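Here is the structure we will look at, set down as structure tokens.
The values are calculated or read from the model by the stated rules, or taken from the named source; none is laboratory data. Fair warning: this is a prediction, and the values are worked out from it, not measured in the lab. The accessibility values were calculated without ligands, DNA or RNA, using every heavy atom of the protein model including side chains. Shrake-Rupley method; radii C 1.70, N 1.55, O 1.52, S 1.80 Å.
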Amino acid sequence: SFDCARAAAPDEKQICADEKLAELDRVENAAYRQAMNAAPAQGFTKQETQKDRKGFAKDSLADRRACGAAAICILDAQVAAIDYFSKNGSTIAVPPWVGDYRQTYARQHPEIVGAALPKALGHCVRAKITSLTDRAGDPLKPKPPGLGADNVVVVDYTHGGHGVSYEYDAQAAQARVGDEVLLCLSSIPRDCPPGDDRERFYSATDLRTGGSWMLLDSQH
């Protein structure tokens, strides 16, 4: 979606140097265009809907910029954007190979995999799932779309990792307690009050199923 001959920022240079990230950039751009041309959100005008989607795209780019050259962080920002646009008028899905990419990159770059919950963007830890429930503490089961309490996915990991969603996540629901995952820090909120480190995004790739998901560490 941009001219690699003019790439200046670290994230742009990393995308241009990595064919998979370059592919995701093109997919994200196509998904954005579809979402912009889709029907307005219910109760909103087309102008209001497009303004909202442009605002998300701007925030998403800021998240990607914050990654620097950290490849998994860049990938996770792209995945989050494609997923958002697919829920807002795009028919383009996240490619199925993103989980394999994270695993392969982590094997090739062992320096990004630590022994504790990561604090640097694009860094990871190998953890195990210790709990996987809905908000009521019941086992996850397929559910219709919605924002009800029983559609919330709650995952706990070793190393103090925690993830929660606002809706049912089919990839997470295929996991099992005890599964090993590659847990990577995807984004850190900016401009927060001192001492408030909530709402960090983590991606998890299940080493048994190959499935992956991205969840916040706090619902609020």
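For the reader, a short list of remarks on this structure follows.
- Shape call, region 96-217: gyration tensor on alpha carbons, a/c limit 1.5: oblate
- Heavy-atom accessible surface of K87, to the nearest 10 Å², is about 120 Å², with a 1.4 Å probe and all protein chains retained.
- Among the listed pairs K51/K87; K13/K128; K54/K87, those beyond 24 Å (Cα-Cα): K13/K128
- Close amide-amide hydrogen proximity is noted between R208 and E180, each under 5 Å apart and 5 or more residues distant or on a separate chain (H modeled in the peptide plane; Pro and chain starts excluded).
- Rolling a 1.4 angstrom probe over the protein heavy atoms with all chains in place gives region 1-58 an accessible area of 66 Å² per residue.
- Accessible area in the full protein assembly, largest first, 1.4 Å probe, for K51, K46: K51, K46
- GNM result for the chain, Cα springs below 10 Å: residue of D138, D25, D83 fluctuating most strongly: D138
- Residues L117, L183 ordered from highest to lowest accessible area at a 1.4 Å probe: L117, L183.
- Selected from N88, N29, N37 as most flexible by GNM, with the chain as the system and alpha-carbon contacts under 10 Å: N37
- For region 60-117, the per residue solvent-accessible surface stands at 42 Å², with DNA, RNA and ligands left out and a 1.4 Å probe.
- Note that region 170-176 has calculated 3J(HN,Hα) couplings of 5, 5, 5, 5, 7, 6, 9 Hz, one per residue in order, obtained from phi through the Karplus relation 6.51 cos²θ - 1.76 cosθ + 1.60 (θ = phi - 60°); glycine and proline are x.
- Accessible-area composition of region 75-220, carbon plus sulfur, in percent [1.4 Å probe]: 54
- Mean projection area, nm², convex hull over Cα of the chain: 12.8
- Taking D179, D191 and ordering them by how much accessible surface each has at a 1.4 Å probe, largest first, produces D191, D179.
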